[in-house]
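What follows is a set of notes on a single structure, which appears directly below.
The values are calculated or read from the model by the stated rules, or taken from the named source; none is laboratory data. Here the structure is a predicted model, which is why all the values come from computation and not from measurement. For neighbour counting, all protein chains shown are included, and Cβ atoms are generated from backbone atoms with ideal geometry for every residue, glycine included. Areas reflect the complete protein model, heavy atoms only, side chains present, ligands, DNA and RNA absent. Shrake-Rupley method; radii C 1.70, N 1.55, O 1.52, S 1.80 Å.
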Amino acid sequence: MPEFYELQINGSAHDVHDAWLGESLLYVLRERLGFTGTKSACEEGECGSCSVLVDDVLVCACLALAGSATGKTVTTVEGLAATGTPSDVQQAFVTAGAVQCGFCTPGLIVAAHALLTESPEATGQEIREALSGNVCRCTGYGRILEAVAAAARARLAAGAGSIDDRGET
Amino acid sequence: MAVVIPIDLDAAMRAASAAPDALILAGGTDVMVEVNAGQRRRALDSDTVIVLDRVRELRRWSHDPERRTVTLGAGVTYTELMTEPLASLLPALAEASRTVGSPQIRNAGTIGGNLATCSPAGDTLPVLAALDADVHLASLNGERTLPVGQFMLGVKTTALTRGELIVGVTAPVLRGAQGYAKVGVRNAMVIAIASACVIVDEDCRDVRIALGSVAPTIIRCPDAERHAAANLDWDRGRATPGVAAEIGERAAADARPIDDHRSTAAYRSRAVALLVGRLVRRGFPDA
Ligand SMILES: Cc1cc2nc3c(=O)[nH]c(=O)nc-3n(C[C@H](O)[C@H](O)[C@H](O)COP(=O)(O)OP(=O)(O)OC[C@H]3O[C@@H](n4cnc5c(N)ncnc54)[C@H](O)[C@@H]3O)c2cc1C
Ligand code: FES
Ligand code: FES
């Protein structure tokens, strides 16, 4: 194995040098590559604050071995929309007032994007289920659920498939 | 140091044989928790991680309509088990998968990882036990198949030997009601305090009952199973509430629960009696 490996993150290649074998994707994203949007809390898969997409599948970055993600595409919260132009889900969180301390927000945004890509028509129970791996200690969840439901309604109204923040179809 | 990412079973077996102390990684949902907590130093000092998630034979599943079996690769995820047509072929396994962790965990976690970890609370394990599933193992020394009851030896102890991999499991596709239920502190993200699987085989007119979290590993309940086969109204598909409750009580009598930080033995016994009774009534509504 070479002294470095390459990760594809948000559409560009990043080299990881001199890493320890057991480093999680979460650690490498935050501590080695500076993608601090992905939050670290429990490091045991319980809180969802480290949620990212690996090959478009929602996973906990703390439970992915960074070195095993070579050759896959990683999407973090930073990759969901261009800086300064929030995605529909991010805007819905702002509009609904779904953010207090904000620590859980990036993970929830990534999980909500994963849900709405898969089922743009998601409603009540399905939204709750899809966000059940993301813990928020501040809001009581009500406005978060409202925000995601509003984003889903807006996508549905705009026509399924026409809005995809990751630039894919 | 090396991360080995084989894409077929042969390469995976060669890697496992070359580095028998390597850390074997599937979805990572058990292993990475330990790695993050600093508990896997020894394996990581062996300098090799073998990553299984791209091994194509492990990612597949197949249905054999003639033999009426489904064979699942060890790398099939919970999310895949919950998706049609697998969910209809093995409904109790889909139901158990739905109770696992969260979407993030179900997207990554695999049935092979659940088997290898062999926790008494592993949610697929009571289902595989009740189905009398076969576990397929392979290493460079050859292949072998074990009934799941002989694969699971105790708390986090299995029949896996050094350098051996779980290739997959084969389970029968049965006609009749089947279900899985567990008790925990809340709905999402919960390790079972007690769990039960009831599988009805209408063609053989028998009932298979397995329990989780009430013994060092998964147990079957032969006395309750015999009682069920003899006392359910097979012609009408009905059971009196008394019969269902009695099956639950007999199942609980086979349990050997303990008190621990998550619950008490008494609570666990009561819980499995009720879960089994409910699952029986789901298949055999009140007479
Ligand atoms: C937040 C959270 C919630 C969870 N909730 C549940 C739950 O509700 N119910 C439940 O049952 N479990 C739960 N788990 C545990 C875990 O998700 C499951 O046990 C899962 O099935 C493990 O699979 P994996 O692919 O992630 O295994 P890994 O973590 O990759 O591996 C687990 C073990 O199996 C070995 N292994 C994996 N595949 C093979 C193979 N093919 N051959 C040989 N050895 C192999 C590994 O070496 C390791 O020892 C939870 C875990 C977390 C972090
Ligand atoms: S930090 Fe990954 S789930 Fe909590
Ligand atoms: S806003 Fe503080 S944890 Fe969710």
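Quick rundown of the values:
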read-out	value
Test: residue in the stretch A:120-139 that is of a type in the set (S, T, N, Q) and touching a strand residue (DSSP E or B) at 6+ places or on another chain (Cβ under 7 Å)	yes
Evaluation of residue A:46 against (1) within 19 Å of residue A:114 (Cα to Cα); (2) more than 7 Å from chain B (Cβ to nearest Cβ); (3) within 16 Å of ligand 3 (Cβ to nearest atom); (4) not small (Gly, Ala, Ser) (one fails), failing number	(2)
Members of the stretch B:239-253 found to be out of contact with any His (no Cβ under 8 Å at 6 or more places or on another chain), modelled with pLDDT of 95 or more and open to solvent by 60 Å² or more (accessible area, probe 1.4 Å), listed by number	B:249, B:253
Residue A:31 being away from chain B (no Cβ under 14 Å) and more than 16 Å from ligand 1 (Cβ to nearest atom)	no
Residue B:197, sole failed condition from (1) more than 16 Å from residue B:276 (Cβ to Cβ); (2) part of a strand (DSSP E or B)	(1)
Restricting the stretch B:113-129 to residues that are open to solvent by 10 Å² or more (accessible area, probe 1.4 Å) and within 16 Å of residue B:28 (Cβ to Cβ), the residue that is farthest from ligand 3 (Cβ to nearest atom)	B:116
Filter result for residue A:67 (at positive phi and either buried (at least 22 other Cβ atoms within 10 Å of the Cβ) or more than 9 Å from ligand 2 (Cβ to nearest atom) (or both))	no
Unmet requirement for residue B:172, which otherwise passes all of (1) open to solvent by 20 Å² or more (accessible area, probe 1.4 Å); (2) over 30 Å from residue B:57 (Cα atoms)	(2)
Whichever residue in the stretch A:100-119 is of a type in the set (S, T, N, Q) and open to solvent by less than 30 Å² (accessible area, probe 1.4 Å) and, among such residues, is nearest to the other protein chains (Cβ to nearest Cβ)	A:119
Unique residue being within 14 Å of chain B (Cβ to nearest Cβ), within 16 Å of ligand 3 (Cβ to nearest atom) and among the β-branched types (Val, Ile, Thr) when the list is A:70, A:38	A:38
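For (1) within 12 Å of another protein chain (Cβ to nearest Cβ); (2) surrounded by 24 or more Cβ atoms within 10 Å (Cβ to Cβ); (3) at positive phi, each residue gets a yes or a no:
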position	(1), (2), (3)
A:81	no, no, no
A:85	no, no, no
A:89	no, yes, no
A:95	no, no, no
A:121	no, no, no
A:126	yes, no, no
A:129	yes, no, no
A:133	yes, yes, no
A:145	no, no, no
